[in-house]
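The structure under discussion appears below in the form of structure tokens.
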Amino acid sequence: MIEASGCIFLSLDTGKILLQQRGSKVKHPNTWGFFGGKSEGNERPSETLYREIYEELGTLPNILKVIPLNKFTSPNKKFEYHSFVCIVQKEFIPILNEESNGYAWVKIGHYPSPLHPGANIQLRDNEFNKKVKLIYKTHKEVAIP
């Protein structure tokens, strides 16, 4: 089975999420989606997530909390994708590697196009967006000024 993990960053300051525009030389080039990628060896989903964030951003932003959001399993059970919300206090400017062409901080429900096929399934799902909005509402109350 192929496993992968990815995330959206959620800024407590603005309520916006960070999406990645995929690079020109990766699968589904120039589409918008989550930061993340495939697991290596026996990594747990959270280990994959942190490694991928570091690889794609060159650093780990100051993540206040990581919340598991969804697990997608393909119908043939050969692919599993773990999505997370990484809560940050403020929007930041990512330092992107060659896997990315750009980034955007966007309002929940207002997404650029074209979306990566997997991100499209999640980001266009009303329950997914409700969860992200609920996470924002419950965590902005404890935000650091």
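Since every read-out is calculated from the coordinates, none of them should be taken as a lab result. Keep in mind it's a predicted model, so treat the numbers as computed, not measured. Neighbour counts run over all protein chains shown; Cβ positions are idealised from the backbone, glycine included.
What FRET efficiency, computed as 1/(1 + (r/R0)^6) with R0 = 22 Å and r the Cβ-Cβ distance, is obtained for Phe72 and Val106, rounded to the nearest 0.05?
On the way: r = 21 Å, r/R0 = 0.97.
Using R0 = 22 Å, I get an efficiency of 0.55.
Could you list Arg124, Arg51, Arg22 in order of exposure, starting from the residue whose Cβ has the fewest other Cβ atoms within 10 Å? Working shown, then result.
Numbers: Arg124 12, Arg51 16, Arg22 21.
Exposure proxy ranking, most exposed first: Arg124, Arg51, Arg22.
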Q) What share of Cα pairs, in percent, lie more than 23 angstrom apart in the chain? A) 30
Q) Between Arg51 and Lys130, how many nm apart are label points set 7 Å from Cα along the C-beta direction? A) 3.6
Q. Quick one: which of Lys16/Lys71; Lys38/Lys65; Lys107/Lys137 span more than 25 angstrom between C-alpha atoms?
A. none
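DSSP loop (so not H, G, I, E, B), at most 16 other Cβ within 10 Å: list which GluC sites (Glu not before Pro) in segment 25-74 pass both filters. Please report the intermediate quantities before stating the final value.
Numbers: sites: Glu40, Glu43, Glu47, Glu52, Glu55, Glu56; in loops: Glu40, Glu43.
In loop regions of segment 25-74 (DSSP not H, G, I, E or B), the sparsely surrounded GluC sites (Glu not before Pro) are Glu40, Glu43.
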(Q) Which aspartates and glutamates, if any, have their Cα less than 17 Å from the Cα of Lys77, not counting same-chain residues under 8 positions apart? (A) Glu3
Q: Report the full-extension gain for the segment Thr14 to Lys38: residue separation times 0.36 nm, less the Cα-Cα distance, to one decimal in nm.
A: 5.7 nm
Q. Expressed as an acute angle from 0 to 90° and rounded to the nearest 10, what is the orientation of the C-alpha long axis of helix 126-140 relative to the principal long axis of the chain?
A. 40
Q.
Helix 45-57 against the longest principal axis of the chain: what's the angle in degrees, Cα atoms only, rounded to the nearest 10?
A. 80
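Within a Cβ distance under 13 Å of His116, other residues only, what is the Lys/Arg minus Asp/Glu net charge? Mind showing how you got there, number by number?
On the way: positive: Arg22, Lys27, Arg124; negative: Glu99.
That works out to +2.
Neighbour counts of other C-beta atoms within 10 Å: give me Val132, Val88 arranged from fewest to most. Could you put the intermediate results ahead of the total?
Details: Val132 21, Val88 17.
Least crowded to most crowded, the residues run Val88, Val132.
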